1. Looking at this structure, is SER333 out of contact with any Ser or Thr (no Cβ under 6 Å at 6 or more places or on another chain), hydroxyl-bearing (Ser, Thr, Tyr), under 20 Å from ALA113 (Cβ atoms) and modelled with pLDDT under 95?
2. If ILE337 meets every condition in (1) touching a residue at least 60 places away in the same chain (Cβ under 8 Å); (2) within 11 Å of ligand 1 (Cβ to nearest atom) apart from one, which number is that one?
3. Quick one: what pairs do we get from the range 93-109, first residue assigned by TED's automatic domain parsing to the domain that holds THR217, second of a type in the set (Gly, Ala, Ser) and within 7 Å of ligand 1 (Cβ to nearest atom), C-beta under 6 Å, 6+ apart or different chains?
4. Only residues that are among the hydrophobic types (A, V, I, L, M, F, W, C) and either within 13 Å of ligand 2 (Cβ to nearest atom) or surrounded by fewer than 24 Cβ atoms within 10 Å (Cβ to Cβ) (or both): list them for the range 117-141, please.
5. Given the conditions (1) over 27 Å from HIS339 (Cα atoms); (2) in a strand (DSSP E or B), which single one is not true for ILE211?
6. Got a sec? Which of LEU263, LEU298, LEU302, LEU349 is surrounded by fewer than 18 Cβ atoms within 10 Å (Cβ to Cβ), of a type in the set (A, V, I, L, M, F, W, C), touching a residue at least 12 places away in the same chain (Cβ under 8 Å) and closer than 26 Å to LEU209 by Cα?
7. Pick from the range 236-260 the residues that are more than 16 Å from ligand 2 (Cβ to nearest atom) and crowded, with 22+ Cβ neighbours inside 10 Å: which of them is nearest to LYS103 (Cα to Cα)?
8. What pairs can you find where one residue is in the range 266-291 and farther than 16 Å from GLU327 by Cα, the other is acidic (Asp, Glu), and their Cβ atoms are less than 6 Å apart, with a gap of 6+ or different chains?
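The values are calculated or read from the model by the stated rules, or taken from the named source; none is laboratory data. Bear in mind the structure is a predicted one, so any value in this text is a computation, not a measurement. Here the Cβ positions follow ideal geometry from the backbone for every residue, glycine too, while neighbour counts run over all protein chains shown.
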Amino acid sequence: MVLSKSEVVDVLKGVIYFAKGDNIVDLGMLDGLELGEGSISFRLVFPRTDEPAVNIVINSANKALIEAFGEDIRIDIKPVSEKEKGRGPLSGVKYLIAVASGKGGVGKSTVAANLAIALARSGAKVGLVDADIYGPSIPMMFGVEGQQPGVFEREGKPVIVPIEKFGIKLLSIGFFVDTNKPLVWRGPMATSALNQLLSDADWGVLDFLIIDLPPGTGDIQLTLAQSYSVTGAVVVTTPQKLAFADVKRAASMFNQEKLHIPLLGLIENMAYFTPQDAPDKKYYIFGKGHGERFASELGIPLLGQIPIVEQITEGGDSGNPIALDDESPVARSFADIAHTVRNRITAILLQK
Ligand SMILES: Nc1ncnc2c1ncn2[C@@H]1O[C@H](COP(=O)(O)OP(=O)(O)OP(=O)(O)O)[C@@H](O)[C@H]1O
Ligand SMILES: [Mg+2]
(Lines give C-alpha, C1' and ligand atoms only; values in the text may rest on other atoms or scores of the structure.)
(Ligands and ions follow the chains in the order given, each with its own letter.)
Protein backbone atom coordinates (compact mmCIF):
# COMPACT_ATOMS: atom_id res chain seq x y z
CA MET A 1 0.00 0.00 0.00
CA VAL A 2 1.45 3.37 -1.04
CA LEU A 3 0.74 6.13 1.43
CA SER A 4 1.25 9.82 0.99
CA LYS A 5 2.40 12.16 3.76
CA SER A 6 -0.54 14.47 3.21
CA GLU A 7 -3.03 11.59 3.68
CA VAL A 8 -1.36 10.65 6.96
CA VAL A 9 -1.22 14.26 8.13
CA ASP A 10 -4.92 14.69 7.32
CA VAL A 11 -5.79 11.69 9.49
CA LEU A 12 -3.61 12.96 12.34
CA LYS A 13 -5.39 16.31 12.19
CA GLY A 14 -8.33 14.43 13.70
CA VAL A 15 -6.34 13.64 16.84
CA ILE A 16 -6.84 16.21 19.58
CA TYR A 17 -4.46 17.03 22.43
CA PHE A 18 -7.03 18.21 24.92
CA ALA A 19 -4.52 19.89 27.26
CA LYS A 20 -3.90 22.48 24.53
CA GLY A 21 -7.32 22.37 22.87
CA ASP A 22 -6.23 21.68 19.29
CA ASN A 23 -5.12 18.85 17.02
CA ILE A 24 -1.59 17.44 17.17
CA VAL A 25 -0.68 18.64 13.68
CA ASP A 26 -1.70 22.27 14.11
CA LEU A 27 -0.02 22.31 17.51
CA GLY A 28 3.23 21.42 15.78
CA MET A 29 3.64 18.20 17.79
CA LEU A 30 4.23 15.97 14.76
CA ASP A 31 7.92 15.43 14.02
CA GLY A 32 9.98 13.26 11.68
CA LEU A 33 7.17 11.57 9.78
CA GLU A 34 8.54 8.64 7.75
CA LEU A 35 6.54 6.35 5.47
CA GLY A 36 7.74 2.91 4.45
CA GLU A 37 6.22 -0.07 2.63
CA GLY A 38 3.06 -0.44 4.75
CA SER A 39 4.54 1.42 7.70
CA ILE A 40 4.23 4.81 9.34
CA SER A 41 6.61 6.17 11.94
CA PHE A 42 6.88 9.54 13.62
CA ARG A 43 7.56 11.31 16.90
CA LEU A 44 5.10 13.35 18.92
CA VAL A 45 6.51 16.27 20.90
CA PHE A 46 4.84 16.77 24.29
CA PRO A 47 5.64 19.40 26.96
CA ARG A 48 6.49 16.40 29.18
CA THR A 49 6.45 12.70 28.39
CA ASP A 50 5.38 11.54 31.86
CA GLU A 51 1.87 12.97 31.72
CA PRO A 52 -1.13 10.63 31.34
CA ALA A 53 -2.28 12.45 28.18
CA VAL A 54 0.71 11.03 26.27
CA ASN A 55 -0.74 7.50 26.19
CA ILE A 56 -4.22 8.75 25.41
CA VAL A 57 -2.99 10.79 22.42
CA ILE A 58 -0.81 7.93 21.12
CA ASN A 59 -3.72 5.47 21.40
CA SER A 60 -6.06 7.80 19.51
CA ALA A 61 -3.42 8.36 16.81
CA ASN A 62 -2.97 4.57 16.43
CA LYS A 63 -6.71 4.04 16.24
CA ALA A 64 -7.26 6.84 13.70
CA LEU A 65 -4.45 5.50 11.45
CA ILE A 66 -5.74 1.89 11.59
CA GLU A 67 -9.26 3.08 10.81
CA ALA A 68 -7.95 5.02 7.80
CA PHE A 69 -5.35 2.60 6.39
CA GLY A 70 -6.40 -0.85 7.70
CA GLU A 71 -5.29 -3.38 10.34
CA ASP A 72 -2.11 -4.42 8.50
CA ILE A 73 -0.38 -1.07 8.71
CA ARG A 74 2.66 -0.99 11.04
CA ILE A 75 2.72 2.09 13.23
CA ASP A 76 5.58 3.38 15.36
CA ILE A 77 4.93 6.49 17.43
CA LYS A 78 7.60 7.73 19.82
CA PRO A 79 6.77 10.41 22.40
CA VAL A 80 9.53 12.96 23.04
CA SER A 81 9.57 15.94 25.39
CA GLU A 82 10.00 19.52 24.23
CA LYS A 83 13.21 19.61 26.21
CA GLU A 84 14.67 16.61 24.37
CA LYS A 85 13.65 18.25 21.12
CA GLY A 86 15.30 21.45 22.28
CA ARG A 87 12.08 23.34 21.84
CA GLY A 88 11.38 26.25 24.07
CA PRO A 89 8.27 27.19 25.98
CA LEU A 90 7.09 29.12 22.92
CA SER A 91 6.44 25.88 21.06
CA GLY A 92 2.68 26.53 21.21
CA VAL A 93 3.18 29.82 19.35
CA LYS A 94 2.76 29.58 15.60
CA TYR A 95 4.07 32.97 14.48
CA LEU A 96 6.31 35.34 16.39
CA ILE A 97 6.01 38.84 14.91
CA ALA A 98 8.23 41.78 15.89
CA VAL A 99 7.04 45.36 15.48
CA ALA A 100 10.14 47.47 15.06
CA SER A 101 11.54 50.82 14.05
CA GLY A 102 14.91 52.45 14.36
CA LYS A 103 13.17 55.58 15.57
CA GLY A 104 11.41 56.44 18.82
CA GLY A 105 7.87 57.77 18.95
CA VAL A 106 6.85 56.75 15.42
CA GLY A 107 3.95 54.64 16.69
CA LYS A 108 5.40 51.13 17.18
CA SER A 109 3.37 50.49 20.30
CA THR A 110 0.25 51.95 18.69
CA VAL A 111 0.72 49.67 15.69
CA ALA A 112 1.56 46.62 17.84
CA ALA A 113 -1.53 47.10 20.02
CA ASN A 114 -3.93 47.72 17.15
CA LEU A 115 -2.48 44.97 14.97
CA ALA A 116 -2.89 42.55 17.89
CA ILE A 117 -6.52 43.59 18.26
CA ALA A 118 -7.22 43.38 14.52
CA LEU A 119 -5.71 39.87 14.36
CA ALA A 120 -7.72 38.76 17.40
CA ARG A 121 -10.91 40.17 15.87
CA SER A 122 -10.25 38.16 12.73
CA GLY A 123 -10.44 35.02 14.87
CA ALA A 124 -6.78 34.40 15.74
CA LYS A 125 -5.41 33.61 19.20
CA VAL A 126 -3.09 36.49 19.99
CA GLY A 127 -0.55 37.50 22.62
CA LEU A 128 1.38 40.76 22.93
CA VAL A 129 4.73 41.25 24.66
CA ASP A 130 5.86 44.73 25.52
CA ALA A 131 9.58 44.27 24.97
CA ASP A 132 10.20 47.95 25.58
CA ILE A 133 11.90 47.27 28.87
CA TYR A 134 13.03 50.91 29.12
CA GLY A 135 9.66 52.57 28.49
CA PRO A 136 6.76 50.14 28.64
CA SER A 137 3.50 51.50 27.22
CA ILE A 138 1.27 48.50 26.59
CA PRO A 139 -0.30 48.45 30.11
CA MET A 140 -1.63 52.00 29.58
CA MET A 141 -2.74 51.33 26.00
CA PHE A 142 -4.82 48.39 27.23
CA GLY A 143 -6.04 50.08 30.42
CA VAL A 144 -4.49 47.42 32.66
CA GLU A 145 -1.95 49.55 34.53
CA GLY A 146 -1.32 48.44 38.07
CA GLN A 147 -2.52 44.88 37.41
CA GLN A 148 -0.29 42.04 38.57
CA PRO A 149 0.13 38.86 36.54
CA GLY A 150 -0.27 35.64 38.51
CA VAL A 151 2.66 33.30 39.03
CA PHE A 152 2.58 29.53 39.50
CA GLU A 153 5.22 26.87 39.75
CA ARG A 154 6.04 24.31 37.07
CA GLU A 155 8.80 21.78 37.69
CA GLY A 156 10.08 23.96 40.52
CA LYS A 157 10.29 27.07 38.32
CA PRO A 158 8.03 30.12 38.50
CA VAL A 159 5.79 30.63 35.46
CA ILE A 160 4.10 33.99 34.77
CA VAL A 161 0.46 34.07 33.69
CA PRO A 162 -0.19 36.85 31.15
CA ILE A 163 -2.98 39.36 31.83
CA GLU A 164 -5.91 39.10 29.41
CA LYS A 165 -7.71 42.07 27.89
CA PHE A 166 -9.89 42.23 24.77
CA GLY A 167 -9.13 38.52 24.31
CA ILE A 168 -5.37 39.19 24.06
CA LYS A 169 -2.72 37.81 26.41
CA LEU A 170 -0.46 40.64 27.57
CA LEU A 171 2.87 40.86 29.33
CA SER A 172 4.98 43.90 30.02
CA ILE A 173 7.80 44.76 32.38
CA GLY A 174 5.43 47.58 33.37
CA PHE A 175 3.39 45.02 35.37
CA PHE A 176 6.39 44.32 37.59
CA VAL A 177 8.03 47.69 38.17
CA ASP A 178 6.95 51.18 39.17
CA THR A 179 6.75 52.93 35.81
CA ASN A 180 6.79 56.35 37.46
CA LYS A 181 10.42 55.79 38.35
CA PRO A 182 12.98 55.87 35.57
CA LEU A 183 14.03 52.38 34.53
CA VAL A 184 17.77 52.02 34.45
CA TRP A 185 18.80 48.67 33.11
CA ARG A 186 22.16 47.50 32.02
CA GLY A 187 22.23 45.38 28.83
CA PRO A 188 22.28 41.92 30.44
CA MET A 189 19.47 42.84 32.85
CA ALA A 190 17.30 44.05 30.01
CA THR A 191 17.83 40.91 27.96
CA SER A 192 17.14 38.71 30.95
CA ALA A 193 13.90 40.62 31.53
CA LEU A 194 12.95 39.98 27.89
CA ASN A 195 13.77 36.28 28.25
CA GLN A 196 11.55 36.05 31.30
CA LEU A 197 8.61 37.69 29.54
CA LEU A 198 8.99 35.32 26.59
CA SER A 199 10.27 32.08 28.04
CA ASP A 200 9.07 31.98 31.64
CA ALA A 201 5.46 32.78 30.81
CA ASP A 202 2.50 30.56 30.14
CA TRP A 203 1.68 31.69 26.58
CA GLY A 204 -0.02 28.40 25.76
CA VAL A 205 -1.32 27.97 22.23
CA LEU A 206 -1.26 31.14 20.13
CA ASP A 207 -1.48 31.91 16.43
CA PHE A 208 0.42 35.17 16.84
CA LEU A 209 2.71 36.52 19.52
CA ILE A 210 3.37 40.17 18.71
CA ILE A 211 6.48 41.78 20.16
CA ASP A 212 6.49 45.54 20.63
CA LEU A 213 10.18 46.46 20.46
CA PRO A 214 11.93 49.49 21.91
CA PRO A 215 13.35 51.96 19.36
CA GLY A 216 16.77 51.35 17.88
CA THR A 217 19.04 48.40 17.28
CA GLY A 218 20.26 47.46 20.74
CA ASP A 219 20.53 44.44 23.04
CA ILE A 220 16.83 43.66 23.03
CA GLN A 221 16.63 43.44 19.23
CA LEU A 222 19.82 41.38 19.13
CA THR A 223 18.68 38.91 21.79
CA LEU A 224 15.35 38.49 20.10
CA ALA A 225 16.92 37.80 16.73
CA GLN A 226 19.58 35.44 18.09
CA SER A 227 17.60 33.46 20.64
CA TYR A 228 14.12 33.17 19.16
CA SER A 229 12.72 32.00 15.92
CA VAL A 230 11.03 35.21 14.76
CA THR A 231 8.67 34.67 11.83
CA GLY A 232 8.97 38.23 10.58
CA ALA A 233 9.14 41.91 11.43
CA VAL A 234 6.68 44.70 10.70
CA VAL A 235 8.58 47.96 10.36
CA VAL A 236 6.97 51.27 11.32
CA THR A 237 7.96 54.66 9.94
CA THR A 238 6.59 58.17 9.72
CA PRO A 239 6.76 60.10 6.44
CA GLN A 240 9.85 62.16 7.28
CA LYS A 241 13.20 61.40 5.70
CA LEU A 242 14.95 61.64 9.07
CA ALA A 243 12.71 58.99 10.56
CA PHE A 244 13.30 56.76 7.57
CA ALA A 245 17.09 57.00 7.92
CA ASP A 246 16.76 55.31 11.34
CA VAL A 247 14.18 52.85 10.04
CA LYS A 248 16.59 51.76 7.32
CA ARG A 249 19.25 51.00 9.93
CA ALA A 250 16.84 48.77 11.84
CA ALA A 251 15.73 47.05 8.63
CA SER A 252 19.31 46.31 7.62
CA MET A 253 20.01 44.90 11.08
CA PHE A 254 17.20 42.38 10.62
CA ASN A 255 18.44 41.61 7.12
CA GLN A 256 21.95 40.65 8.26
CA GLU A 257 22.78 37.12 7.26
CA LYS A 258 23.44 35.89 10.78
CA LEU A 259 20.27 37.30 12.30
CA HIS A 260 18.02 37.11 9.36
CA ILE A 261 14.45 38.03 10.26
CA PRO A 262 12.24 38.40 7.19
CA LEU A 263 10.67 41.84 6.80
CA LEU A 264 6.91 41.43 6.41
CA GLY A 265 6.41 45.02 5.30
CA LEU A 266 6.34 48.69 6.18
CA ILE A 267 3.58 50.68 7.87
CA GLU A 268 3.52 54.41 7.28
CA ASN A 269 2.12 55.94 10.44
CA MET A 270 0.97 59.55 10.61
CA ALA A 271 0.83 59.44 6.81
CA TYR A 272 -1.72 62.26 6.65
CA PHE A 273 -3.95 64.27 8.97
CA THR A 274 -7.67 63.69 9.20
CA PRO A 275 -9.67 66.09 11.39
CA GLN A 276 -12.20 64.50 13.75
CA ASP A 277 -15.09 66.49 12.24
CA ALA A 278 -14.10 65.77 8.62
CA PRO A 279 -13.24 62.06 8.54
CA ASP A 280 -13.10 61.99 4.73
CA LYS A 281 -10.44 64.69 4.43
CA LYS A 282 -6.75 63.84 4.06
CA TYR A 283 -4.10 66.50 4.60
CA TYR A 284 -0.64 65.27 3.65
CA ILE A 285 1.22 67.57 5.99
CA PHE A 286 4.56 65.83 5.53
CA GLY A 287 4.03 65.32 1.80
CA LYS A 288 2.52 62.46 -0.14
CA GLY A 289 3.95 59.18 -1.40
CA HIS A 290 6.79 58.79 1.14
CA GLY A 291 5.51 55.43 2.40
CA GLU A 292 5.49 53.89 -1.09
CA ARG A 293 8.93 55.23 -1.82
CA PHE A 294 10.43 54.05 1.46
CA ALA A 295 8.89 50.60 1.02
CA SER A 296 10.22 50.22 -2.50
CA GLU A 297 13.64 51.36 -1.34
CA LEU A 298 13.60 48.56 1.24
CA GLY A 299 12.17 46.16 -1.34
CA ILE A 300 9.22 45.26 0.89
CA PRO A 301 5.47 45.84 0.57
CA LEU A 302 3.74 48.87 2.08
CA LEU A 303 1.30 47.15 4.44
CA GLY A 304 -0.79 50.23 5.07
CA GLN A 305 -1.01 53.91 5.92
CA ILE A 306 -2.38 55.19 9.21
CA PRO A 307 -3.49 58.83 9.48
CA ILE A 308 -2.89 61.19 12.38
CA VAL A 309 -6.19 61.23 14.22
CA GLU A 310 -6.99 62.45 17.70
CA GLN A 311 -8.83 59.25 18.53
CA ILE A 312 -5.56 57.27 18.25
CA THR A 313 -3.86 59.37 20.92
CA GLU A 314 -7.00 59.39 23.10
CA GLY A 315 -7.54 55.67 22.63
CA GLY A 316 -3.92 54.95 23.54
CA ASP A 317 -4.11 57.10 26.66
CA SER A 318 -7.44 55.71 27.85
CA GLY A 319 -6.94 52.00 27.26
CA ASN A 320 -9.24 51.79 24.21
CA PRO A 321 -7.19 51.14 21.08
CA ILE A 322 -8.88 52.47 17.95
CA ALA A 323 -9.01 49.03 16.29
CA LEU A 324 -11.91 48.19 18.64
CA ASP A 325 -14.10 50.90 17.11
CA ASP A 326 -16.16 49.47 14.23
CA GLU A 327 -17.13 52.96 13.06
CA SER A 328 -13.55 54.09 12.52
CA PRO A 329 -11.90 53.92 9.09
CA VAL A 330 -8.59 53.46 10.95
CA ALA A 331 -9.95 50.22 12.47
CA ARG A 332 -10.67 49.04 8.92
CA SER A 333 -7.12 49.95 7.89
CA PHE A 334 -5.76 47.83 10.76
CA ALA A 335 -8.05 44.96 9.75
CA ASP A 336 -6.65 45.18 6.20
CA ILE A 337 -3.09 45.30 7.55
CA ALA A 338 -3.79 42.19 9.67
CA HIS A 339 -5.07 40.40 6.58
CA THR A 340 -2.02 41.39 4.51
CA VAL A 341 0.35 40.36 7.31
CA ARG A 342 -1.22 36.87 7.33
CA ASN A 343 -0.80 36.59 3.56
CA ARG A 344 2.80 37.77 3.71
CA ILE A 345 3.63 35.18 6.36
CA THR A 346 2.18 32.41 4.23
CA ALA A 347 4.11 33.65 1.18
CA ILE A 348 7.39 33.89 3.11
CA LEU A 349 7.00 30.46 4.73
CA LEU A 350 6.27 28.90 1.33
CA GLN A 351 9.54 30.31 -0.02
CA LYS A 352 11.54 28.57 2.73
N1 LIG B 1 -1.50 57.87 13.89
C2 LIG B 1 -1.48 58.53 15.05
N3 LIG B 1 -2.32 59.56 15.28
C4 LIG B 1 -2.29 60.23 16.45
N5 LIG B 1 -1.49 59.93 17.47
C6 LIG B 1 -0.63 58.91 17.31
C7 LIG B 1 -0.58 58.15 16.09
N8 LIG B 1 0.36 57.19 16.23
C9 LIG B 1 0.88 57.33 17.46
N10 LIG B 1 0.30 58.35 18.12
C11 LIG B 1 0.61 58.85 19.46
O12 LIG B 1 1.99 59.19 19.49
C13 LIG B 1 2.59 58.80 20.71
C14 LIG B 1 3.75 57.84 20.41
O15 LIG B 1 3.23 56.64 19.88
P16 LIG B 1 3.76 55.22 20.31
O17 LIG B 1 3.93 55.16 21.79
O18 LIG B 1 2.92 54.20 19.67
O19 LIG B 1 5.18 55.29 19.60
P20 LIG B 1 6.44 54.32 19.81
O21 LIG B 1 7.13 54.27 18.51
O22 LIG B 1 6.01 53.04 20.42
O23 LIG B 1 7.28 55.15 20.86
P24 LIG B 1 8.56 54.64 21.70
O25 LIG B 1 9.71 54.73 20.76
O26 LIG B 1 8.62 55.59 22.83
O27 LIG B 1 8.27 53.23 22.12
C28 LIG B 1 1.48 58.19 21.55
O29 LIG B 1 0.95 59.15 22.38
C30 LIG B 1 0.44 57.78 20.51
O31 LIG B 1 -0.85 57.75 21.03
MG1 LIG C 1 6.67 52.06 22.15
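1. Details: out of contact with any Ser or Thr (no Cβ under 6 Å at 6 or more places or on another chain): yes; hydroxyl-bearing (Ser, Thr, Tyr): yes; under 20 Å from ALA113 (Cβ atoms): yes; modelled with pLDDT under 95: no.
No: the conditions fail for SER333.
2. Only one criterion is unmet by ILE337, namely (2).
3. LYS108/SER101; SER109/SER137
4. Going residue by residue through the range 117-141, those that are among the hydrophobic types (A, V, I, L, M, F, W, C) are 117-120, 124, 126, 128-129, 131, 133, 138, 140-141.
Across the range 117-141, the qualifying residues are ALA120, ALA124, LEU128, VAL129, ALA131, ILE133, ILE138, MET140, MET141.
5. In the conditions (1) over 27 Å from HIS339 (Cα atoms); (2) in a strand (DSSP E or B), ILE211 misses (1) alone.
6. On the way: LEU263 fails: surrounded by fewer than 18 Cβ atoms within 10 Å (Cβ to Cβ); LEU298 fails: surrounded by fewer than 18 Cβ atoms within 10 Å (Cβ to Cβ); LEU302 fails: surrounded by fewer than 18 Cβ atoms within 10 Å (Cβ to Cβ).
Selected residue: LEU349, the only one of LEU263, LEU298, LEU302, LEU349 that is surrounded by fewer than 18 Cβ atoms within 10 Å (Cβ to Cβ), of a type in the set (A, V, I, L, M, F, W, C), touching a residue at least 12 places away in the same chain (Cβ under 8 Å) and closer than 26 Å to LEU209 by Cα.
7. We begin by selecting, within the range 236-260, every residue more than 16 Å from ligand 2 (Cβ to nearest atom); these are 239-242, 244-245, 248-249, 251-260.
This time we only want the ones that are crowded, with 22+ Cβ neighbours inside 10 Å, so: 239, 244, 251.
Values: PRO239: 12, PHE244: 8, ALA251: 11 Å.
If we take residues in the range 236-260 being more than 16 Å from ligand 2 (Cβ to nearest atom) and crowded, with 22+ Cβ neighbours inside 10 Å, then PHE244 is nearest to LYS103 (Cα to Cα).
8. GLY291/GLU268
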